[in-house]
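See below for the structure under consideration.
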Amino acid sequence: MKELQDLAGRVKRRLNVRLASPRGFCAGVERAIRTVEEALARYGAPVYVRHEIVHNAHVVNRLRAMGAVFIEEVGEAPADRPLIFSAHGAPQAAHDAAQARAMTMIDATCPLVQKVHSETRRHVQRGRHVILVGHAGHPEVEGTMGQVAPGAVTLVQSLEEARRLRPPAGPLAYVTQTTLSVDDTMEIVAVLKARFPEIEGPKKADICYATSNRQAAVKKIAPGADLFLVIGSPNSSNSRRLVDTAVAGGARRAALIEGPESCDLDDLDGVRVLGVSAGASAPENLVEALLDRLARHFDLSVETVETAEEDIVFKTPMLMAG
């Protein structure tokens, strides 16, 4: 109804948009998408992808239309077609299963997730029990825990769990999921270090540069925002953390939307300052489409606030076997 009224000639109300930068695709996501595209060009359709290549419905649907088939178990793919492991990583058992079937494997795991995998294996090899800070059920967490034998890693999801933790006796180490809230993770790690002063940690934080940069940008523009919109899919951990960051940073309200079509203009009643960002797996064209839609109904003023420059590029992975 509101769109019809606006299109009928209502005077456009002023809306000030604060646009976060950096936002949207990170290097790991770009690499993963490029991997599927290049595999399709090389092998033809179909190619199979274990789990969604990245957590964004628009990206997945576009690649599916090109001939990518998304599965959850290695056994769902025929042995004679290429298999791509998603950006989130996979347990070693999934790699072993594909290798046992002599499949052509391509590993699109983000290099920064691979770093966490390597840390986890190294700590266990050196006799340390690993504490993994992350969210149960997330494919990155399942992939990290699946790098070592069952029982070698304990998952901690919250500050309260960190306070109650009773790990096995002996040396300890910690790693973290790459897409967590920076502030929440710092608090959890501080508790672990206070309780277990000898615990080993990464030389450089496991939370990836893109997650940190996008949260910092949101923090910069959240104060005074009447509403903050984050473009991203509901199963995207880093996108959900941006919503949390916006509220913690001072926005009156914040919401996750999958795209411009998900933005209910009625929610903008009384909104004068609107914050906008996008998760690391959300395409930039969705941000542009949202701004175009808003411009049709409001006298739009857009201010881009940049807090960091990103120039990281990851090379496309090489063929693993086959």
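The numbers here are math on the coordinates, done by the rules we state, and not lab data. Worth saying up front: this structure is predicted, and the values here are computed from it rather than measured. Backbone-built Cβ (ideal geometry, glycine too); neighbour counts: all protein chains shown.
Observations
- Charge-dipole axis of the chain as Lys and Arg at +1 and Asp and Glu at -1 on Cβ define it, positive-most pick from Gly250, Ser237, Val29: Gly250
- Label zone (Glu303, point 7 Å along Cα-to-C-beta; backbone nitrogen cut-off 19 Å) within the range 20-34: 20-23.
- In percent, rounded to a whole number, the relative contact order of the range 27-107 is 31, using alpha-carbon pairs under 8 Å and six or more apart.
- In a DSSP loop and with at most 12 other Cβ atoms within 10 Å, the GluC sites (Glu not before Pro) in the range 63-94 are Glu72, Glu73.
- Value of relative contact order over the chain, rounded to a whole percent, pairs C-alpha under 8 Å and six or more apart: 27
- Charge dipole of the range 27-107 (Cα centre as origin; +1 on each Lys and Arg Cβ, -1 on each Asp and Glu Cβ, all else neutral): 200 debye, rounded to the nearest 20.
- Within the listed set Pro22, Pro168, Pro223, the residue fluctuating most in the Gaussian network model of the chain (springs between alpha-carbon atoms under 10 angstrom) is Pro168.
- Computed from the alpha carbon positions, the gyration tensor of the range 251-305 leads to an equivalent ellipsoid with semi-axes of 17, 13, 12 Å, biggest first.
- Subtracting the Cα-Cα distance of Asn235 and Ala152 from their residue separation scaled by 0.36 nm leaves 27.2 nm.
- Distant alpha-carbon pairs in the range 111-195 (separation over 18 angstrom), percent: 36
- Rounded to the nearest 500, the helix-only mean residue ellipticity at 222 nm of the chain stands at -11500 deg cm²/dmol, with each DSSP H run of n ≥ 4 adding -39,500 (n - 2.57).
- Treating each Cα of the range 170-322 as an identical point scatterer and summing with the Debye formula, the log10 of I(q)/I(0) at q = 0.13, 0.15, 0.20 Å⁻¹ comes to -0.69, -0.85, -1.25.
- Our note on the geometry: Cα centres of the range 33-77 and the range 218-292, 27 Å apart.
- Counted as membrane-span-like here are DSSP H helices of the chain whose alpha-carbon atoms extend 15 Å or more along the helix's own axis and whose Kyte-Doolittle mean is 0.0 or above; these are 182-195.
- Summarising the amide proton neighbourhood of Val69: residues at separation of 5 or more, or on other chains, whose placed amide H is nearer than 5 Å comprise Val47, Tyr48, Val49.
- Charge tally in the Cβ shell below 9 Å around Thr104, where Lys, Arg are +1 and Asp, Glu are -1, Thr104 excluded: 0
- Near Glu160, once Lys and Arg are set to +1 and Asp and Glu to -1 for all other residues with Cβ below 14 Å from its Cβ, the sum equals +1.
- Every pair of different Cα atoms in the range 96-156 enters the Kirkwood calculation, which places the hydrodynamic radius at 12.6 Å.
- Spacing of the modelled spin labels on Asp311 and Glu38, each 7 Å from Cα toward Cβ, amounts to 2.2 nm.
- Paired Rg and Dmax values of the chain, which use every Cα atom, in angstrom: 21.4, 72
- Treating each Cα of the range 27-107 as an identical point scatterer and summing with the Debye formula, the log10 of I(q)/I(0) at q = 0.11, 0.24 Å⁻¹ comes to -0.23, -1.17.
- Full-stretch length increase - Arg252, Phe196 - with 0.36 nm per residue and alpha-carbon distance subtracted: 16.4 nm
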